[in-house]
Structure formats: structure tokens, C-alpha cells
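Colleague: Before anything else, here's the structure in question.
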Amino acid sequence: MLIAGWFAFISIPLALGEIGISWDALNHHIYLGWTAEHQRFDQDLFAASGQTFQYPYLYWPVYKLSQSGLSGMWAGVALATLNWLVVPPIWMIARVCMPGRDAFAVVMRAAAVALAFMTGVVLSMFDSTSNDLFAAIPFVWALAFAMNGFRDTGTARNALHMPVIYSGICAGISVAFKLSNGPLALLLPGLWMMTGWGIRRKAINFMAGCLAAIAGFLLAYGYWGWQLWSHFGSPIYPLYDYWVQPLRDWAGWKP
């Protein structure tokens, strides 16, 4: 199934012989990838408006491919391969929802995975440089690990489920990739608490998942947040800058 999914993804740029450039690429994608490789705060002023300060490392693959000299077709294959990373967690989710090893269960899981990519929004991403699906990959992994954490309730009696830890780390990374994933990530603790027997074990899983999410976020976002803090006095500048302004005034710091 996973190999079939990869072939399906790369078949689109191979069939088209090219890949289109999304309107976001013209606006800020290339610039953010450039920023990821060469920090430009001391050279440009709002080059892509407020989007200048988005997490830039997510856009580095598109920028690097644009500079590599690859044809549009092979650049599309490279981006399709990155997007393929979302297929395994969707299969994991389908396996939880449709367990079993008989032919019917396998076919239903395969159909569920196929249906996951058949919406117009998702299909429109495979023939362009849009990276919204790439931004969603760590969250889908977080959801898959959270759901797989309670597949086997028997082992949950005596041990902390590592899938909860993995889910938390992926959740934190997903929020670092795109802060708008935060409201979705807030729903995951409900799944983490479904792992384990008894209030004590559920509380441990809840705390472990939350700490793992914080660690994942700091690991992925820490360097970029420090860059923003150093230059502008806010780790999420320019969002909610007025929240941080009182702290800067109190400290007498003018970034």
C-alpha cells in the first residue's frame, strides 16, 4: 500500500512533465526558503509583508529545488516524495478504525487511505509547489500515534505507552511548522488519556504527552524563535506583539 501510494504521488508530475508554481511561491515561499538558508533581517524590511516571519525551514525544500537546476518534473517528484510521508500515518489510523487481517479489512483500509487524498483541496497540491500538506504531516503522525496508543489496552495496564510520547513530540513539531495547528493539537490530550487503565495511569500519559509536545515544539521552533526574539523582542513576531510589549517596556529593552 505504501509503495502504491508513492507511485500514485509521483505519477502526477511524471505525467504532467512539470510542476506548477503556486501563487504563494510568488509571494513568499521562495523568499522564506532563502531566509532559512541566509538570514536576511538586516537586509530586507517586510519583504513578504507579515509572512516574512513565518517558520522558514518548512519552505527550504522548494527554495533549494528552485536553485538546484532540476527540471520541473523531477522537482515535482522530490516534493511528491516529501508529501508521501503522510501516507503511513493515514494507514495507521485506518488500521485502528478497521482492524483485522481478512481481505475485506485490507480493502477497506486501502479505500480509506485513497479517499483521504481525493478532496479537491488535497488534489490541487500535487501539481504545484504548495506545501500545506507538508505542514500537516507531523500532526497526522501525532494523531496516528495517539490512536495507536490505545489499540492494545492490555499492555497499558503496567507501562507508559511510548506512542503517547511520539504523539506529543510530533504534535509539538506540527505547531512549530504552523502555529495554526495549535488548536488541533489541543485535542490530542483527550486521546492520550484514553491510553491506560485507571486515573493514575491516564494522568501520567496526559502529562507525558504534554511534556513531549513542549519538547517537540522547542526542538523544532527554538532556533527560529530565538532569531525573532533577538531581532524583534518576540518569539512569534509580529503575531500578538502587544502581549510582549509590556515585558520589553519593563526590561527597558529596545530590540
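Colleague: Can you name the condition, by its number, that I90 falls short on among (1) touching a helix residue (DSSP H, G or I) at 6+ places or on another chain (Cβ under 6 Å); (2) touching a residue at least 60 places away in the same chain (Cβ under 8 Å)?
Modeller: Single failed check for I90: (2).
Colleague: In addition: Of all residues being surrounded by 15 or more Cβ atoms within 10 Å (Cβ to Cβ) and in contact with a Phe, Trp or Tyr (Cβ under 7 Å, 6 or more places away or on another chain) in region 227-255, which is nearest to P56 (Cα to Cα)? Just the residue, please.
Modeller: It comes out as L228.
Colleague: Just checking, how many residues over region 107-164 are charged (D, E, K, R) and modelled with pLDDT of 90 or more?
Modeller: Count: 1.
Colleague: Restricting attention to region 172-225, which residues are closer than 15 Å to L143 by Cβ, within 14 Å of the chain's Cα centre (by Cα) and of a type in the set (S, T, Y)?
Modeller: Once the filter is applied, which keeps residues that are closer than 15 Å to L143 by Cβ, within 14 Å of the chain's Cα centre (by Cα) and of a type in the set (S, T, Y), region 172-225 yields only S174.
Colleague: Pick from M118, M108, M125: which is at negative phi and in a helix (DSSP H, G or I)?
Modeller: Of the residues listed, the single one that is at negative phi and in a helix (DSSP H, G or I) is M108.
Colleague: Yes or no: region 195-204 includes at least one residue that is within 23 Å of L179 (Cβ to Cβ), of a type outside the set (A, V, I, L, M) and modelled with pLDDT of 80 or more.
Modeller: No: region 195-204 contains no residue that is within 23 Å of L179 (Cβ to Cβ), of a type outside the set (A, V, I, L, M) and modelled with pLDDT of 80 or more.
Colleague: Here's a check for you: in region 205-234, which residue that is at pLDDT below 90 and in contact with a Leu (Cβ under 7 Å, 6 or more places away or on another chain) is nearest to F177 (Cα to Cα)?
Modeller: Filtering first and then ranking leaves S234.
Colleague: Going by what's in this entry, would A251 be described as modelled with pLDDT under 85 and among the small types (G, A, S)?
Modeller: Spelling it out, A251 is indeed modelled with pLDDT under 85 and among the small types (G, A, S).
The values are calculated or read from the model by the stated rules, or taken from the named source; none is laboratory data. Every value quoted in this text rests on a predicted model; they were computed, and no experiment measured them. FYI the Cβ positions are ideal-geometry reconstructions off the backbone, even for glycines, and counts take in every protein chain you see.
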